[in-house]
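Just below is one structure, and these are the notes that go with it.
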Amino acid sequence: MRFHERILPILMAVFLMLPACAGASGTWYCFDEEHVPEQLGYRVGGYTGSVTCTFLGDCTLGTTEKGKGSGHSITRTIRQHGYAYPMSELLELTAGDDITIANLEGVLTDRQLEKVEKTFNFSGPSAYTAILTEGSVECVSLANNHSYDYGAEGLLDTKSALKQSAVSWFDETHMCVWESDEGLMIGFVGVAFQLTGKRSTEFARQVRILQDLGCSAVVVVMHAGEEYESTPTQAQKSIARQAAELGATLVIGHHPHIIQGYDLLGTMPVVYSLGNCVFGGNIRPKDRDALTVQVDMRFAESELEAMELRFYPILFTGRGDYNTYRPVFKSGTGAENALKKMEASTGMALEVPEGKSYGVLKIGPENTMSTE
């Protein structure tokens with residue numbers, strides 16, 4: 001047995017004994033099936049009001065070892081412009097919501113670790129957690145194909161850096177619960193690539209744990225699909241179907257690195273791919289279109305009553321010749337074209353309010369529909 005295989009369970013137990021993260025509003029809890037916090041599950045319902053969640057796509061806060069030497073790398077950009085620069089244009093959404101969730105791809109570490117054998121390995125220094133905090137990101141998903149780019153030690157360093165910066169996280173083995181100051185709870189669970197066999201059974205248990213704790217909404221964050229393929233795969237659709245059957249509230253996806261559309265399974269929206277956000281893994285990207293989705297959830301006596309999803313087209317880099325690592329909102333024809341990509345992907349169109357550059361999907365008793 002290798003050293004990291006012996007030490008990982010011990011260190012994870014230490015993480016789980018650490019106190020919950022208290023953000024600007026509400027408290028975050030990260031736990032696995034065997035370490036559900038005792039303070040959860042004793043809530044009395046009664047919250048009436050709305051909660052706003054913003055979801056960001058793939059965020060790679062670092063690059064390959066070779067890429068770090070480039071004059072246009074994210075490393076040099078951060079050195080020149082500071083940690084607040086990458087997400088500064090998105091603060092219009094993220095600073096005004098209740099919670100923001102991003103997909104963090106890659107490792108944050110200050111050690112020289114041995115990379116695993118694969119095509120691309122992404123890493124950045126632990127200080128890059130400041131990009132998240134300056135961007136008002138409270139929680140990240142680590143359920144993706146780059147969290148282990150530098151083995152178990154790299155993942156532990158990433159989690160340690162996030163903990164030090166009071167950024168919560170979840171992955172395939174750990175759930176996350178956000179509890180508002182009023183006692184309303186929203187649960188998050190991550191899925192990477194497929195739900196079959198043992199993982200399917202484990203996923204079902206995780207969703208039910210969150211429901212049994214009293215979460216008024218359960219959000220599934222899905223990292224799946226084919227890279228640069230505009231059509232959702234059967235694996236993505238299978239994950240969404242299983243989530244819907246278990247009574248999940250919402251599925252948000254990424255991994256293809258481009259825009260994909262949405263679907264509705266009963267009253268559960270599925271957003272198949274947001275594309276990239278702050279993406280340090282590509283210095284000269286070809287397709288720069290992406291999405292940021294903001295979801296308003298309306299509750300009555302802690303029961304989910306309705307949702308409104310707003311799809312904001314973005315360019316994850318503001319220049320065409322090289323990556324600026326600073327997403328900007330699209331408008332006019334550019335925004336229209338991005339929303340058309342969504343419709344072409346799944347055949348589902350969005351309402352576009354007059355004079356606005358975003359699409360809207362409303363879910364409620366009067367908006368229920370389902371698709372195959």
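Values quoted throughout were computed directly from the atomic coordinates according to the rules given, and no laboratory measurement underlies them. Please read all numbers here as calculations on a predicted model, not as lab measurements. A quick note on method: Cβ atoms are made from the backbone with ideal geometry, for glycine too, and the neighbour counts reach across all protein chains shown.
Here are the numbers:
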read-out	value
HIS81-HIS35 pseudo-label distance in nm [points 7 Å out on the Cα-to-Cβ vector]	3.7
Relative packing of peptides 119-126, 55-62 - highest average C-beta neighbours within 10 Å first	55-62, 119-126
Kirkwood hydrodynamic radius of the chain, from inverse mean 1/r over distinct Cα pairs, in Å	20.6
Cα gyration tensor of region 52-143 - equivalent ellipsoid semi-axes, whole Å, descending	24, 16, 10
Antiparallel content of DSSP bridges confined to the chain, in %, to 5	60
Under the Karplus curve 6.51 cos²θ - 1.76 cosθ + 1.60, θ = phi - 60°, whole-Hz ³J(HN,Hα) for region 349-358, x wherever Gly or Pro sits	8, 10, 6, 10, x, 4, x, 10, 10, 9
Globularity index of region 151-285, i.e. its alpha-carbon radius of gyration over 2.2 N^0.38 Å	1.10
Mean Cβ neighbour count within 10 Å, used as a protection proxy, ranking 94-100, 321-327 highest first	321-327, 94-100
Angstrom value of the Kirkwood radius, inverse mean 1/r, which spans all Cα pairs in region 226-282	11.7
Relative contact order [Cα under 8 Å, 6+ residues apart], the chain, whole percent	18
Extension gain from SER88 to ASP321, taking 0.36 nm per residue of separation minus the Cα-Cα distance	81.8 nm
Square roots of 5 times each gyration tensor eigenvalue, C-alpha, region 128-224, largest first, Å	22, 20, 10
Extension gain, TYR228 back to THR196 (0.36 nm per residue minus Cα-Cα distance, nm)	9.2 nm
Sequence ranges 63-76, 259-272, 153-166, ranked by mean other-Cβ count within 10 angstrom, highest first	259-272, 153-166, 63-76
Translational diffusion of region 122-174, µm² s⁻¹ [Kirkwood Rh, Cα pairs; Stokes-Einstein; 20 °C; 1.002 mPa s]	190
For region 251-372, Kirkwood radius (reciprocal of mean inverse C-alpha pair distance, Å)	15.1
Residues whose placed amide H lies under 5 Å from that of GLU305, excluding near-sequence neighbours	ARG298, PHE299, ALA300
